[in-house]
Amino acid sequence: MLIPDAEVLCESLRRQIAPVVSPATVMIGVHTGGAWIAAKLHRALGLTTPLGLLDISFYRDDFARVGLNPQVKKSAIPIDIENAEILLIDDVLYTGRTVRAAMNELFDYGRPKKIDLAVLVDRGGRELPVAARFTGETLILEAHQSLNLAQDASGQLSFQLVEKKDRT
Amino acid sequence: MRNPQLNKNGELTHLLSIEGLPKGILESILNTADSFASVGEREVKKVPLLRGKSVFNLFFENSTRTRTTFEIAAKRLSADVINLNINASSASKGESLLDTIDNLSAMQADMFVVRHAQSGAPYLIAQHLNNLGVEHIHVVNAGDGRHAHPTQGLLDMYTIRHYKKDFSNLTVAIVGDILHSRVARSDIHALTTLGVPEVRVIGPRTLLPAHIEQMGVRVFHDMAEGLKGVDVVIMLRLQSERMKGALLPSAQEFYKSYGLTPDKLARAKGDAIVMHPGPMNRGVEIDSTVADGGQAVILPQVTFGIAVRMAVMSITAGN
């Protein structure tokens, strides 16, 4: 399988999003990969509202099974999101559980007017009724595969395909 | 023998004492607390992590502040909190500690937050649960006798890190009744584990435990000398009941030698912070001018305590 070029997909997302952003658009990246992409898009689109960051660890639905992520970061929503038009950014859309957790968390900050979702890759395998409005690329991965986004020292994004050992 | 606070993977499953915990676990609690601190600033100050869990606050000894902050912490994690003031209930009817625990376990408890006048009571409970093979109930020590008060120690570390950023160049002085203070013990273990190069204890001989130097601290009896050049001053409460014995001549006498006054504080660094676990005795261990002054971080300590207790509860409950 050809591993998608994250930078090319970022540019594709930028082109899709550019016509719909307004001064009211609040961009929020989901930690970690989504935050990197959001930072790039926020700059490229010249958004003037501050960029937000969500770490959804406190909202995960598998806490009872896996415990708390020891690397949990601060969520930072430096703007009132009451009535805001939110553009949520993540790297890979899979089961939809991260997006559900992110939406739950957002509503604890206020009641946004709307939330749109943009992802670099939609890999299928949804377990919840979630869909992205903007997608860089759609591809089908096996359950034992995962697509991990990495950022190098110069800020370049790239995907890595990881084969998990314990196939479920 | 395995540290009874850790599970078989070496993860924190009970918090009983800071003694013996690796630096990595302490840092991870402080980092997690940092993330919880921002939850307290939101419109909705709650996260759903412990939704449906029952947290029992078992206070065999009174403490309004600690019990309240544990209760707020549990509620901000969406847990259900049951406060039991055991002084007034079963214990006074003669029920043993472990029978009380078994009964509450039968009520599907998920966590016990325990304050007890006897050192080791939370250990006894954790050991009892471990022996029964009960892994889903977690124990957090909220202060046991003279032994430990680990969440206070951790919130003190959080406070120091918040204001001083880094532990590696600090001199920290702990002043007052070290002998009876579980806070002092927890602070000393935490400070040395986190790499503070110089920890001082300052107090009269009658209120310092014998051989305390073995904990890696420098001992001072003269407060002005001991505060010279320190970055952090941790004042301890002088428990009034100590006055009744032969340990101290009088509160006035203690204040003269060991009360933190502006002139004594002037011996510390200009940007030194002043901490106190509360409740304060103004005019006994601390002067009101200092307690209300610009260097005091006593009320921020209380606020940080909520985030630290949220971190401890969610980390232990998840392991």
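When the range B:128-141 is limited to residues that are within 22 Å of A:GLY67 (Cα to Cα) and outside any loop (DSSP other than H, G, I, E, B), the one that is nearest to the chain's Cα centre (by Cα) turns out to be B:ASN141. Take the conditions (1) part of a loop (DSSP other than H, G, I, E, B); (2) away from every other protein chain (no Cβ under 14 Å); A:VAL72 misses just one of them, which is (2). The combined condition, being free of Cβ contacts under 8 Å to residues at least 12 places away in the same chain and in contact with a Phe, Trp or Tyr (Cβ under 8 Å, 6 or more places away or on another chain), is fulfilled by B:VAL44.
Here the condition is being assigned to a loop (DSSP other than H, G, I, E, B), outside the structural domain of B:THR68 (by TED's automatic domain parsing) and within 15 Å of the chain's Cα centre (by Cα); of B:GLY293, B:GLY278, it holds for B:GLY278 alone. If you go through the range B:292-319 and keep only what is under 26 Å from B:ASP110 (Cβ atoms), out of contact with any helix residue (DSSP H, G or I) (no Cβ under 6 Å at 6 or more places or on another chain) and more than 14 Å from chain A (Cβ to nearest Cβ), you end up with B:VAL302, B:THR303.
Each row is one residue, and each column tells you yes or no for (1) of a type in the set (S, T, N, Q); (2) touching a helix residue (DSSP H, G or I) at 6+ places or on another chain (Cβ under 6 Å).
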site: B:ARG2; (1), (2): no, no
site: B:LEU15; (1), (2): no, yes
site: B:LYS23; (1), (2): no, yes
site: B:SER28; (1), (2): yes, no
site: B:THR32; (1), (2): yes, yes
site: B:ARG42; (1), (2): no, no
site: B:GLY52; (1), (2): no, no
site: B:PHE56; (1), (2): no, yes
site: B:ASN62; (1), (2): yes, no
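If you go through the range A:43-69 and keep only what is more than 14 Å from A:VAL30 (Cβ to Cβ) and either away from chain B (no Cβ under 11 Å) or buried (at least 17 other Cβ atoms within 10 Å of the Cβ) (or both), you end up with A:ARG43, A:ALA44, A:LEU45, A:GLY46, A:LEU47, A:THR48, A:THR49, A:PRO50, A:PHE63, A:GLY67, A:LEU68.
Restricting the search to strands (runs of 3 or more DSSP E) fully inside the range B:161-258 and requiring at least 1 residues that are out of contact with any Pro (no Cβ under 7 Å at 6 or more places or on another chain) and basic (Lys, Arg) gives B:198-202, B:218-220. Selection of the range A:82-115 for residues being part of a loop (DSSP other than H, G, I, E, B) and of a type outside the set (Phe, Trp, Tyr) yields A:GLU82, A:ASN83, A:ALA84, A:THR95, A:GLY96, A:ASP108, A:GLY110, A:ARG111, A:PRO112, A:LYS113. Of the numbered criteria (1) surrounded by 15 or more Cβ atoms within 10 Å (Cβ to Cβ); (2) more than 10 Å from every other protein chain (Cβ to nearest Cβ), the one B:ASN62 fails is (1). Identify, please: which residue in the range B:261-277 is among the small types (Gly, Ala, Ser) and crowded, with 19+ Cβ neighbours inside 10 Å and is, among those, farthest from B:GLY40 (Cα to Cα)? Per the criteria, the residue is B:ALA268.
Of the helices (runs of 4 or more DSSP H) entirely within the range B:1-119, those holding at least 2 residues that are over 21 Å from B:ASP187 (Cβ atoms), under 17 Å from the mean Cα position of the chain (by Cα) and of a type outside the set (A, V, I, L, M) occupy B:64-76.
For the range A:96-109, does any single residue satisfy the condition of being closer than 24 Å to A:LEU147 by Cβ, modelled with pLDDT under 95 and more than 10 Å from chain B (Cβ to nearest Cβ)? No - not one qualifying residue is present in the range A:96-109.
Inspect the range A:85-94 for any residue being within 13 Å of chain B (Cβ to nearest Cβ), among the β-branched types (Val, Ile, Thr), touching a strand residue (DSSP E or B) at 6+ places or on another chain (Cβ under 7 Å) and closer than 19 Å to B:VAL44 by Cα and give the result as yes or no. No - not one qualifying residue is present in the range A:85-94.
The values are calculated or read from the model by the stated rules, or taken from the named source; none is laboratory data. Only a predicted model underlies this, so the values are computations on that prediction, with no experimental measurement involved. Note that each Cβ is placed from the backbone with ideal geometry, even for glycine, and that neighbours are counted across all protein chains shown.
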